[in-house]
Amino acid sequence: MMIQKTLPSALLLISLLMSAGFETAVAQTTETEETGDYSVSQMPVPDDIILEVGGLAFDDNGHLAVPTRRGEIWLIENPESNNPYFHRFAQGLHEPLGIAWQNGSWYIAQRGELTRITDTNNNGTADLYETVYRWPLTGNYHEYSYGPVFLPNGDMIVTLNLSWIGYGASLAEWRGWILRISEDGEMTPIAAGLRSPLGFGLNADGEIFYTENEGDWVGSGWMTHLEPGDFAGNPASLVWSDHPKSPISLQMNDIDDSDGLSMFEQAQNIPELKLPAVWFPHTIMGISTSDILLVENDDQIGPFAGQMLVGDQGHSKIMRVYMEKVQGEYQGVVFGFREGFSSGIVKLEWSPNNEVFVGMTNRGWGSRGSESFGIERLSWNGEIPFEMQKISAESNGFTITFTKPLEHHSAMEISNYSITDFTYEYNADYGSPVIDRQNKTITRLQLAEDGMSVRLYVDGLRKGYINEINTENVKSAAGTALLNGVGYYTLNNLPDGERSAVATGTGVISEADHDYGPSEKKITERPADWADGPDARIQLATEPGLLYDRDLIEAEAGSRIALTFTNDDDMAHNVVIVEPGKADEVGEAAMNLGLDADALEFVPRVDDVIYHTSMLEPGQTETIYFVVPDKPGDYEFVCTFPGHHFSMRGILRVR
């Protein structure tokens, strides 16, 4: 395909005519937060720059390029210093989400094309924009495009988000696919079934992995190894499987969710369906997985070479993933790593000095971190943290390897370990509750002679299940606690060997009973004594950006209310009415419900909750009936889906 040379957009041309040069700015001193074995430094951003980060990449001179969601590219000199210098390199782009440096040019995925951008006269300003490959758009807001990532042979890969029309849809060609594109513009589709594939990258062997966000056909976030011809799970993109270039013959009507099966069970009948290598349990490990960053050596963040860091946009956190091949397929475990970043994490990148640069924004998406955007740097101080370094599957259990020797007594106490397995349904619904949950029996354990690992023998391991492995009460030889004491291992295959452990321990395998019964604070039928109807009817809906469509509702004390909530957003929401000043406490309690969250509809059973709706999926509507409290004041209503309470709230003013 012939390379097309294109002029900058009209916005860029107007800006160039209005300005003789590029806007520049010098930032102020960086703020640093010490957190034990790691520190986080916040890069100051000049007040006149809206740095909603869409990508991060370094050039050969150590300059950091930052494309923004508003269409600019900023080059930052001395980004690791206390006084970085900002220089606008380009503008007028269409929401770039990704950037890479190769052979003296920047490569960037805009909404509708992969573009090569070059400064041909070396004056610090982009002057050549070349279309490498273009894909169609319909104008749907959900048609994000990501990348590129360079492959070892010099080709690039990009991923294309599905459109959203109340459910995921591939309205334009190759939406929901990962594509390989050569320097001269030749495109080859690799795999289908992607929904919202912001995160993708390569492992140490150059193999492709991508991260997915919970949604329709996606019970929870995951990381999947993609190879040519794979189908990753969302059927919408199969509308293009008849295309001459498609490596997949699978059709949309080949996917049937009527039997209520798990993804693992469905894969037994659909050879093209590629199982996730690692699941990220929803609301526990995060709610919107983002970028992938390979840990290249043990000098970067500790003894984790070959593992991957994975960001989460909604929870403003970074997770750590260890994977292994079992029966020829990848599977592995996700651990927490570090939380508390100031905004929603979109991109991760290593600096030349082995710091992790964290690019963030929460516009339109919301995040636990309350800042609108920013860049932070995570640095390791060289001290080895006390962590589970990895978990490996055995034919009848797991081996947990730690980063430091263990204290003998706590390591040998079998009650200090617990394992629960569970899975998710594979269907067209938006996400899935935790299903088929079991507590497992650990029958015995062995501590390695060097004190660095523990072998757990476990009865009844099940292929296709996620195993919550808890070691929080295990101490190091120095008496310190684990930074992250829980890991979630996705067990797709069992290694060869003995299948049952010697039953010398205590405990039994049992189906966990998680029937909490109906909530007395959710009344969806009009009370029988309301024969003359409610005193007032209130309508509440949603706005983009994790907001309700109104932030103030007024009602008379003691009045009877029918509140109808319509979720017209593209993610799940509820309405929880709480005591004055208690929205934060209730929201935090909802984030800590763990595997019980779905059964409780993400509403903690606490006295501060007065009334609530169900957790509604996109497009659903529900009416609840309640009597307004007798005491006047400013009560609050809030969405308790984990992370939403930071922005999605309002006041119920009782007169």
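The values are calculated or read from the model by the stated rules, or taken from the named source; none is laboratory data. As the structure is a prediction and not an experimental result, all values here were calculated from the model. Positions of Cβ are generated from backbone atoms using ideal geometry, with glycine treated the same way; all protein chains shown enter the neighbour counts.
So how many residues does region 285-327 have that are farther than 18 Å from Ile391 by Cβ and either in a strand (DSSP E or B) or free of Cβ contacts under 8 Å to residues at least 40 places away in the same chain (or both)?
Going through region 285-327 one residue at a time, the tally reaches 13.
Could you please find all residues in region 571-598 being more than 17 Å from Ile287 (Cα to Cα) and either in the same structural domain as Val218 (by TED's automatic domain parsing) or surrounded by fewer than 18 Cβ atoms within 10 Å (Cβ to Cβ) (or both)?
So the first thing to find is which residues in region 571-598 are more than 17 Å from Ile287 (Cα to Cα), and the list is 575-586.
Within region 571-598, Pro580, Gly581, Asp584, Glu585 qualify.
Can you say whether Gly176 is at positive phi and small (Gly, Ala, Ser), as far as the supplied structure shows?
Details: at positive phi: yes; small (Gly, Ala, Ser): yes.
Answer is yes for this residue.
State whether the residues of region 405-414 include one that is farther than 23 Å from His644 by Cβ, buried (at least 21 other Cβ atoms within 10 Å of the Cβ) and of a type in the set (Val, Ile, Thr).
no
Of the numbered conditions (1) within 21 Å of Glu265 (Cβ to Cβ); (2) part of a loop (DSSP other than H, G, I, E, B); (3) of a type outside the set (Phe, Trp, Tyr), Met223 satisfies every one except a single condition; which is it?
(2)
When you scan region 431-533 for strands (runs of 3 or more DSSP E) that lie fully inside it, which ones turn up with 3 or more residues that are over 30 Å from the mean Cα position of the chain (by Cα) and modelled with pLDDT under 95? Steps first, please.
Numbers: elements: 434-439, 441-447, 453-459, 465-470, 486-491.
Here the list is empty.
Table: residues versus (1) of a type outside the set (A, V, I, L, M); (2) outside the structural domain of Met615 (by TED's automatic domain parsing); (3) in contact (Cβ under 8 Å) with a residue 12 or more places away in the chain; (4) within 23 Å of Asn213 (Cα to Cα).
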{"residue": "His409", "(1), (2), (3), (4)": "yes, yes, no, no"}
{"residue": "Tyr417", "(1), (2), (3), (4)": "yes, yes, yes, no"}
{"residue": "Ala428", "(1), (2), (3), (4)": "no, yes, yes, yes"}
{"residue": "Arg437", "(1), (2), (3), (4)": "yes, yes, yes, yes"}
{"residue": "Thr471", "(1), (2), (3), (4)": "yes, yes, yes, no"}
{"residue": "Ala481", "(1), (2), (3), (4)": "no, yes, yes, no"}
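Any chance you could count how many residues in region 180-192 are touching a residue at least 40 places away in the same chain (Cβ under 8 Å) and not in a loop (DSSP other than H, G, I, E, B)?
The total comes to 7.
Please go through region 636-648 and give me each residue that is modelled with pLDDT of 95 or more and either surrounded by fewer than 24 Cβ atoms within 10 Å (Cβ to Cβ) or over 38 Å from the mean Cα position of the chain (by Cα) (or both), ordered by number.
Of everything in region 636-648, just one residue is modelled with pLDDT of 95 or more and either surrounded by fewer than 24 Cβ atoms within 10 Å (Cβ to Cβ) or over 38 Å from the mean Cα position of the chain (by Cα) (or both), namely Glu636.
Tell me which residues, restricted to region 193-220, are acidic (Asp, Glu) and in a loop (DSSP other than H, G, I, E, B). First the steps, then the outcome.
The first filter runs over region 193-220 and keeps only residues acidic (Asp, Glu), leaving 205, 207, 212, 214, 216.
Asp205, Glu207, Glu214, listed by residue number.
If you scan region 144-175, which residues turn out to be touching a residue at least 60 places away in the same chain (Cβ under 8 Å), touching a strand residue (DSSP E or B) at 6+ places or on another chain (Cβ under 6 Å) and assigned to a loop (DSSP other than H, G, I, E, B)?
Across region 144-175, the qualifying residues are Leu162, Tyr167, Trp174, Arg175.
Within the set of pairs 6 or more residues apart or between chains, which connect a residue that is assigned by TED's automatic domain parsing to the domain that holds Ile165 and assigned to a loop (DSSP other than H, G, I, E, B) inside region 114-143 to a residue that is surrounded by fewer than 14 Cβ atoms within 10 Å (Cβ to Cβ) and polar (S, T, N, Q) with Cβ atoms less than 6 Å apart?
Hits for this filter: Asp127/Thr120.
Out of region 198-218, which residues are of a type outside the set (Asp, Glu) and touching a His at 6+ places or on another chain (Cβ under 6 Å)?
Of everything in region 198-218, just one residue is of a type outside the set (Asp, Glu) and touching a His at 6+ places or on another chain (Cβ under 6 Å), namely Phe209.
Please list, ordered by residue number, the strands (runs of 3 or more DSSP E) wholly in region 333-386 having 1 or more residues that are of a type in the set (S, T, N, Q) and more than 30 Å from Asp421 (Cα to Cα). Spell out the reasoning first.
Working: elements: 345-350, 356-361, 373-380.
Result: 356-361, 373-380.
Would you point out which residue out of Ser182, Ser196 is more than 21 Å from the chain's Cα centre (by Cα), small (Gly, Ala, Ser) and in the same structural domain as Gln331 (by TED's automatic domain parsing)?
One residue alone meets the criteria, Ser182.
Give the residue that is farthest from Tyr424 (Cα to Cα), with candidates limited to residues of region 262-278 that are of a type outside the set (D, E, K, R) and part of a loop (DSSP other than H, G, I, E, B).
For region 262-278, the residue satisfying everything is Pro271.
For the subset of region 227-263 comprising residues that are among the hydrophobic types (A, V, I, L, M, F, W, C) and over 22 Å from the mean Cα position of the chain (by Cα), which member is farthest from Leu179 (Cα to Cα)?
If we take residues in region 227-263 being among the hydrophobic types (A, V, I, L, M, F, W, C) and over 22 Å from the mean Cα position of the chain (by Cα), then Leu261 is farthest from Leu179 (Cα to Cα).
From (1) assigned to a loop (DSSP other than H, G, I, E, B); (2) modelled with pLDDT under 95, pick out the condition that doesn't hold for Lys5.
Tallying (1) assigned to a loop (DSSP other than H, G, I, E, B); (2) modelled with pLDDT under 95, Lys5 fails exactly one: (1).
Inspect region 64-84 for any residue being assigned to a strand (DSSP E or B), of a type outside the set (D, E, K, R), touching a Gly at 6+ places or on another chain (Cβ under 9 Å) and at pLDDT below 55 and give the result as yes or no.
Scanning region 64-84 turns up no residue that is assigned to a strand (DSSP E or B), of a type outside the set (D, E, K, R), touching a Gly at 6+ places or on another chain (Cβ under 9 Å) and at pLDDT below 55.
Of all residues in region 240-266, which are touching a residue at least 12 places away in the same chain (Cβ under 8 Å) and under 24 Å from Gly221 (Cβ atoms)?
The answer is Ile248, Leu250, Met252, Ile255, Asp257, Gly260, Leu261, Ser262, Met263, Phe264, Glu265, Gln266.
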